[in-house]
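Beneath this line is the structure, given in structure tokens, with notes to follow.
The values are calculated or read from the model by the stated rules, or taken from the named source; none is laboratory data. Because the structure is predicted, anything quoted here is derived from the model rather than measured. Here Cβ is always computed from backbone atoms with ideal geometry, including for glycine, and neighbour counts include all displayed protein chains. Ligands, DNA and RNA are excluded from the accessible area calculation, which covers all protein heavy atoms including side chains. Shrake-Rupley method; radii C 1.70, N 1.55, O 1.52, S 1.80 Å.
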Amino acid sequence: MTPFTRLLGLVAPMDRANVDTDAIIPKQFLKSIKRSGFGPNLFDEWRYLDVGEPGQDCSARPLNPDFVLNQPRYRGVQILLARDNFGCGSSREHAPWALQDYGFRAVIAPSFADIFYNNCFKNGLLPIVLSAETVDRLFAETFATPGYRLDIDLVQQTVTLPDGSTIGFAVDEFRKYCLLNGLDDIGLTLQKVDKIRAYEARRRAEAPWLFV
Amino acid sequence: MAGLTLYDKLWQAHVVDEAKDGATLLYIDRHLVHEVTSPQAFEGLRLAGRKPWRAKSAIAVPDHNVPTTQRAAGIADPVSRLQVETLDRNCADFGIEEFKMNDVRQGIVHVIGPEEGLTLPGMTVVCGDSHTSTHGAFGALAFGIGTSEVEHVLATQCLVAKKSKAMRITVEGVLGQGVTAKDVALAVIGRIGTAGGTGYAVEFAGSAIRGLSLEGRMTLCNMAIEAGARAGMVAVDDKTLDYVKGRPYAPQGAQWEQAAAWWRTLHTDPDARFDAEVSLRAEDIVPQVTWGTSPEMVVTVDSRVPDPAGAPNAVKRQDWERALQYMGLAAGTPIQEIAVDKVFIGSCTNSRIEDLRAAAAVVKGRRKADGVKLAMVVPGSGLIKRQAEQEGLDRVFVDAGFEWREPGCSMCLAMNADRLEPGERCASTSNRNFEGRQGAGGRTHLVSPAMAAAAAIAGHFVDVRHF
């Protein structure tokens, strides 16, 4: 996993609530058995005017000029600004894979769906929860200011605005540790082999039907 | 000290290790695997030279990509076929049992788990699929995970998780005739919203829930995720034990007695406290129909499509306007005047024998409306299909002009050939009415099986209570 420490990145606004993972990456692209290459199909149904199919050359497809990420001012975007309940619906990890493959490194929203939030951390994508008022302000500033950038510091757990004001955010210690160091948490869990074995031995005695 | 919730008991029984910040290593008893969210996980194991920790805890089935017609001919779409073949190969390579596409036990992963007794009370059950919450109907802690976590569970039999808050949703009273678990689920989502359960594990309780069959409880827990809750659950009672007993993978003999004794303790203590409580009266719940592009955009069948002018805030108003535009609906339209093009009865929400019986009871002796292009019934598993055929339900549907298909996820998410065309409107017993969910540009209205069947006959939504 790519470590995340600090990011000064361009912001794009996704101004709608309940953006679901079907919208982030439609089902037909889930047929891939790979972990990469989903970026060209991120937000496929909103982004293109035709219906996308796996294996297409997306560079030749008609773009929807009204879709926010198609606007030239958001080229090279790394931070997505979103509304409540971002990433709701299906558990597909293809959603963070697609966001990351497109170039996003962080998503800021007032709330996230649980599974999506969790999946982000496994992929070096930082989901940041800020208050609804703060997110409203960031939307207003992003719309008003071409080239609007935010400075995200995971070590300090801060988002710094262009005017120099700083907003703190919360993140679990363990998730932060893994993200800062780009750690594979399977390796960390396997350091606890003895504890897993001890649990299994105890459980096997209590509930043998679980181990047939 | 206050008593324990069902969730507390399930959680505590599976703690392997707990860090100071609450990050818990949680043991997983049952891992259900399907073809869409597993290939990258198996590839990860291969690349790291790892093996499954306990291959026997996992069971795999292809369900999302499988065709529901002409199955003997295999899968026509080469991309879908490769994904199913990849599952076959991974299961063979890693020693995981699989119910393959032409096995009579094949079906939707959340249907076959309980059907085979692979899902048992007291278990932790995970699957790379958000509708894993279904299995909580058995007094299990069941939730969906992403592909990285699928790999983590395969490699370690554990997950790193933090305990959620606990919410109890109580429904007291008796559901009216024609009102089903699906209507309860939609009414709950209408009440608390699609993010209302975010951060919570939800227990469904009360006399109306106890009154539901296990099939009904599965429907309800299935849609806990549509209320934002990763896990939904119902306490164990006699109905639970009766359902589980004798299933192929359920314990037998002395082990059954030992298991049942523990399972009977899997309920919330009377003095336990919840972080949030919601209550509904069963008598207040009537058949529900979604009108928009989120399950919380739901109204009763006897009402009208709402007006965005009445939305609670600006963001919602914009969402409602966008939804009406996508759905091709005008505010104020009576729900019962909305005509449908297609009808889908199936999915992990509503494809069990009870669902098929309820739909068949409405359909029997009637004909699909001419304006309905397609009404399809997709049983949840090969065994349900066989049972329905033994009961003659397939004839009821076919005689009414419905199509009777092979089991799978089908048009719930349209990864196989079953899908809506742009602009088509569908009465669907599935769980998500998101934009494009059943096919790009498709318009989904979520309803119960009886309501879907009635819409197929009438050609538009009708109140099944008076049909």
Given H placed 1.01 Å from N in the peptide plane, which residues other than close sequence neighbours of A:Ala207 have an amide H under 5 Å from its amide H?
none
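Projected area of segment B:252-297, taken from the Cα convex hull and averaged over every viewing direction, in nm²? Provide the component values of the computation, followed by the final result.
Working: hull surface 28.4 nm².
Its Cα hull, projected and averaged over all orientations, spans 7.1 nm².
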Here segment B:427-442 yields Karplus 3J(HN,Hα) values (6.51, -1.76, 1.60; θ = phi - 60°; whole Hz; Gly and Pro given as x) of 8, 10, 8, 7, 10, 10, 10, 4, 3, x, 4, 9, x, 3, x, x
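Tell me, what is a quarter of the convex hull surface for the C-alpha atoms of segment B:23-107, in nm² with one decimal?
Numbers: hull surface 26.3 nm².
The number I arrive at for segment B:23-107 is 6.6 nm².
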Amide H neighbours of B:Glu98 under 5 Å, at least 5 residues apart or on other chains, H built in the peptide plane: list them.
B:Ala60
Using a 1.4 angstrom probe and counting only protein chains, how large is the accessible area of A:Lys192 in Å², to 10?
70
Rounded, prolate or oblate: which one fits segment B:333-467, using the alpha carbon gyration tensor with axes a ≥ b ≥ c (rounded when a/c is under 1.5, else prolate when a/b beats b/c, else oblate)?
oblate
Per-residue HN-Hα couplings for segment A:144-151 [Karplus 6.51, -1.76, 1.60; θ = phi - 60°; Hz; x = Gly/Pro]:
7, 10, x, x, 5, 10, 10, 10
Quick check on chain B: helices-only [θ] at 222 nm, where DSSP H runs of length 4 and up contribute -39,500 (n - 2.57) each and the sum goes over total residues. Nearest 500, please.
-9000 deg cm²/dmol
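Rounded, prolate or oblate for segment A:14-67? Axes are the square roots of the Cα gyration tensor eigenvalues, ordered a ≥ b ≥ c, and the cut-off for rounded is a/c under 1.5. Don't skip to the answer; put the middle values down first.
Numbers: a/c = 2.16, a/b = 1.16, b/c = 1.86.
Taking the square roots of the gyration eigenvalues as a ≥ b ≥ c, segment A:14-67 is oblate.
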Across the residues of A:109-121, average count of Cβ atoms on other protein chains within 10 Å?
5
Excluding ligands, DNA and RNA, the carbon-plus-sulfur percentage of the accessible area of segment A:93-212 with a 1.4 Å probe reads 52
In the protein assembly as shown, what percentage of the DSSP-assigned beta bridges are antiparallel, given to the nearest 5?
30
If amide hydrogens are placed 1.01 Å from N in the peptide plane, which non-local residues have theirs closer than 5 Å to the one on B:Thr69?
B:Glu406
Send over the Kirkwood Rh of segment B:217-277, from the inverse of the averaged 1/r over different Cα pairs, rounded to one decimal Å.
13.7
Sticking to Cα atoms, compute the Rg of segment A:1-146 to one decimal and its Dmax as the biggest Cα-Cα distance, whole number, in Å.
14.4, 41
Local electrostatic count, B:Arg81, Cβ distance below 11 Å [Lys/Arg +1, Asp/Glu -1]:
-3
Shielding by other protein chains, B:412-423, mean Cβ within 10 Å:
2
Roughly what % of Cα-Cα distances in segment B:185-303 sit above 23 Å, to the whole percent?
39
Over 22 Å between Cα atoms, which of B:Lys51/B:Lys245; A:Lys34/B:Lys51; B:Lys182/B:Lys373; A:Lys122/A:Lys176; B:Lys162/B:Lys182 qualify?
B:Lys51/B:Lys245; B:Lys182/B:Lys373; B:Lys162/B:Lys182
Can you give the three extents of the C-alpha atoms in segment B:107-196 along their principal axes, from longest to shortest, in whole Å?
47, 30, 21
Averaged over peptide B:152-158, how many Cβ atoms belonging to another chain are found within 10 Å of each residue's Cβ?
5
The base-10 log of I(q)/I(0) that the Debye equation returns for segment B:1-142 at q = 0.20, 0.22 Å⁻¹, one scatterer per C-alpha, is -1.24, -1.39
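Determine the sum of side-chain charges near B:Leu266: Lys and Arg each +1, Asp and Glu each -1, restricted to other residues whose C-beta is under 10 angstrom from that of B:Leu266. Intermediate results must be reported in sequence, preceding the final value.
Working: positive: B:Lys9, B:Arg264; negative: B:Asp237.
It works out to a net charge of +1.
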As a percent rounded to 5, the proportion of antiparallel DSSP bridges among beta bridges in segment A:3-135 is 5
Chain B: C-alpha pair distances exceeding 38 Å, %
20
Taking A:102-110, A:61-69, B:24-32, A:85-93 and ranking on average Cβ neighbours within 10 Å, highest first, one gets A:85-93, B:24-32, A:102-110, A:61-69
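What do you get when you divide the Cα radius of gyration of segment B:276-341 by 2.2 N^0.38 Å, with N the number of residues?
Working: Rg = 13.0 Å, N = 66, 2.2 N^0.38 = 10.8 Å.
Relative to the rule-of-thumb radius for its length, segment B:276-341 sits at 1.20.
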So for the protein assembly as shown, considering every pair of alpha-carbon atoms, how many percent are separated by more than 31 Å?
50
Whole-Hz Karplus ³J(HN,Hα) for segment A:206-211, in order, using 6.51 cos²θ - 1.76 cosθ + 1.60 and θ = phi - 60°, x for Gly and Pro?
6, 9, x, 5, 7, 10
